[in-house]
């Protein structure tokens, strides 16, 4: 393997890597086996066809394409180690030459650790806050539990403020239908706050079959910018009315939830809330310490490729959160009147902040000589394997050397934060 290194602005390098044909052989043989496992070859069990048979079946270029990712990943890692490069993030790869029986050439643009002048990180005087869990929070959870155990009884009576109505709804603005403003059989729990103030109150006392029109002002801070602060006309038709019957808060209720008494249930809720509060307090404490260290440190130019990568990761996190709420990301973007490129720009400042925190942790771990031993790595790997025991693809990824490096970094980061908390 040959590697030429070119320095680029903003703490980036361009590596031109050439892998000679004799070095490609093990990658090609592995790729051929994987191809024979994926596709049935007449007369051979999966993965048992010889290289020449696979070559005759698919062609050598197809084998090379299958091997390309492995060739790039392992030779990039080798180049970084041999040249003692302090890289961060993932490289941007461009394949230059890929032809059977020829050297394999690719370019990798990668960020390197920028210069950092670390500020004080000990004795910052930042203490962990203690969140008290009072009885009001316990009572709130109890109320939520009773709602979960409540029964919905169809009713011909007018809806009361604690009931539920199912309505068809149409929204319009200046006599023009609002995009996405119509809904069929929408359930509205009248005791719960609606995202449009005053909406629930308009439905109280309506009976099944009733129709009603009314107008409401959307909140000025509403996430749909074209509706924020606007006066919107509503037309609703009540399809069903339900009376909500909630169980009494007593020992019998607690037994349904697996506890001996109501007092035992309260004690369990108290314990869980305290556990949750402790985690939140710990997280806030860690962030406060790291932000303080970042404020007192000086950084060289941050690599653009690293900022872009972190911003894309944040967009992906948002996409997953939106999906968990049952909404498509495309619909979400429409609702906030933005494109994905707009989100990347919006997230850039926070991406820079995350990167600086990561760089600070990395620098402190070196100063404090924080390491992850093999036992810790094995334990962390076993946890991941158990977490994905029903996902063979994920388990295969966990077994790779690259994932081991990721886990090792995660362990070091966690131990470094423990050092910071101990010294503050």
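The values are calculated or read from the model by the stated rules, or taken from the named source; none is laboratory data. Values in this document were obtained by computation on a predicted structure and should not be read as measured data. So basically every Cβ, Gly included, is an ideal-geometry build from the backbone, and we count neighbours across all protein chains shown.
Scan segment 139-151 and give yes if some residue there is part of a strand (DSSP E or B) and farther than 25 Å from residue 285 by Cβ, otherwise no. Let's see the steps before the verdict.
Within segment 139-151, the subset part of a strand (DSSP E or B) is 151.
Subsequent filtering for residues that are farther than 25 Å from residue 285 by Cβ retains 151.
For segment 139-151, residues part of a strand (DSSP E or B) and farther than 25 Å from residue 285 by Cβ: present.
Can you tell me which residue among 144, 174, 160 is more than 34 Å from the chain's Cα centre (by Cα) and on the phi < 0 side of the Ramachandran plot?
Working: 144 fails: more than 34 Å from the chain's Cα centre (by Cα); 174 fails: on the phi < 0 side of the Ramachandran plot.
Step by step, each of 144, 174, 160 is checked, and only 160 is more than 34 Å from the chain's Cα centre (by Cα) and on the phi < 0 side of the Ramachandran plot.
When residues of segment 101-114 are filtered for being over 27 Å from the mean Cα position of the chain (by Cα) and crowded, with 16+ Cβ neighbours inside 10 Å, how many remain? If you could, list the steps in order and put the result at the bottom.
Pass one, segment 101-114, residues over 27 Å from the mean Cα position of the chain (by Cα): 101-107.
Filter once more, keeping what is crowded, with 16+ Cβ neighbours inside 10 Å: 103-107.
Counting residues in segment 101-114 that are over 27 Å from the mean Cα position of the chain (by Cα) and crowded, with 16+ Cβ neighbours inside 10 Å gives 5.
What are the residues in segment 168-194 that are buried (at least 16 other Cβ atoms within 10 Å of the Cβ) and assigned to a loop (DSSP other than H, G, I, E, B), if any?
178, 181, 190
Check 265, 273, 343 and return the single one that is more than 20 Å from residue 137 (Cβ to Cβ) and either in a helix (DSSP H, G or I) or in contact with a strand residue (DSSP E or B) (Cβ under 9 Å, 6 or more places away or on another chain) (or both). It would help to see each step written out before you state the result.
Numbers: 265 fails: more than 20 Å from residue 137 (Cβ to Cβ); 273 fails: more than 20 Å from residue 137 (Cβ to Cβ).
The unique qualifying residue is 343.
Run residue 325 past the list (1) surrounded by 12 or more Cβ atoms within 10 Å (Cβ to Cβ); (2) out of contact with any helix residue (DSSP H, G or I) (no Cβ under 8 Å at 6 or more places or on another chain); (3) without any contact (Cβ under 8 Å) to a residue 60 or more places away in the chain and report the number of the one that doesn't hold.
(1)
If you check 164, 147, 132, 137, which single one turns out to be touching a helix residue (DSSP H, G or I) at 6+ places or on another chain (Cβ under 6 Å) and within 30 Å of residue 265 (Cα to Cα)? Give the steps one after another, and end with the answer.
On the way: 164 fails: touching a helix residue (DSSP H, G or I) at 6+ places or on another chain (Cβ under 6 Å); 147 fails: touching a helix residue (DSSP H, G or I) at 6+ places or on another chain (Cβ under 6 Å); 132 fails: touching a helix residue (DSSP H, G or I) at 6+ places or on another chain (Cβ under 6 Å).
That would be 137, the only listed residue that is touching a helix residue (DSSP H, G or I) at 6+ places or on another chain (Cβ under 6 Å) and within 30 Å of residue 265 (Cα to Cα).
Looking only at segment 223-246, how many residues end up being touching a residue at least 24 places away in the same chain (Cβ under 8 Å), touching a strand residue (DSSP E or B) at 6+ places or on another chain (Cβ under 8 Å) and surrounded by fewer than 14 Cβ atoms within 10 Å (Cβ to Cβ)?
2
Where in segment 14-117 are there helices (runs of 4 or more DSSP H), lying wholly inside it, with at least 3 residues that are over 30 Å from residue 361 (Cα atoms) and in contact with a strand residue (DSSP E or B) (Cβ under 9 Å, 6 or more places away or on another chain)?
Numbers: elements: 21-38, 51-58, 60-82.
In segment 14-117, the matching helices (runs of 4 or more DSSP H) lie at 21-38, 60-82.
Could you please find all residues in segment 195-222 being loosely packed, with under 13 Cβ neighbours inside 10 Å and either touching a helix residue (DSSP H, G or I) at 6+ places or on another chain (Cβ under 7 Å) or not in a loop (DSSP other than H, G, I, E, B) (or both)?
211, 213, 215, listed by residue number.
Just for helices (runs of 4 or more DSSP H) wholly inside segment 374-424: which have at least 1 residues that are in contact (Cβ under 8 Å) with a residue 24 or more places away in the chain and surrounded by 14 or more Cβ atoms within 10 Å (Cβ to Cβ)? Please lay out each step first, then the result.
Working: elements: 374-387, 392-398, 401-422.
Answer list for segment 374-424: 374-387, 401-422.
Looking at 290, 265, 249, can you tell me which residue is at pLDDT below 95, farther than 30 Å from residue 196 by Cβ, surrounded by 14 or more Cβ atoms within 10 Å (Cβ to Cβ) and touching a helix residue (DSSP H, G or I) at 6+ places or on another chain (Cβ under 8 Å)? Don't jump to the end; show me each part of the working.
Details: 290 fails: at pLDDT below 95; 265 fails: at pLDDT below 95.
Checking each option against the conditions leaves just 249.
Scanning segment 51-81 for residues that are surrounded by fewer than 14 Cβ atoms within 10 Å (Cβ to Cβ) and over 19 Å from residue 104 (Cα atoms), which turns out modelled with the highest pLDDT?
Restricting to residues being surrounded by fewer than 14 Cβ atoms within 10 Å (Cβ to Cβ) and over 19 Å from residue 104 (Cα atoms), the top hit is 81.
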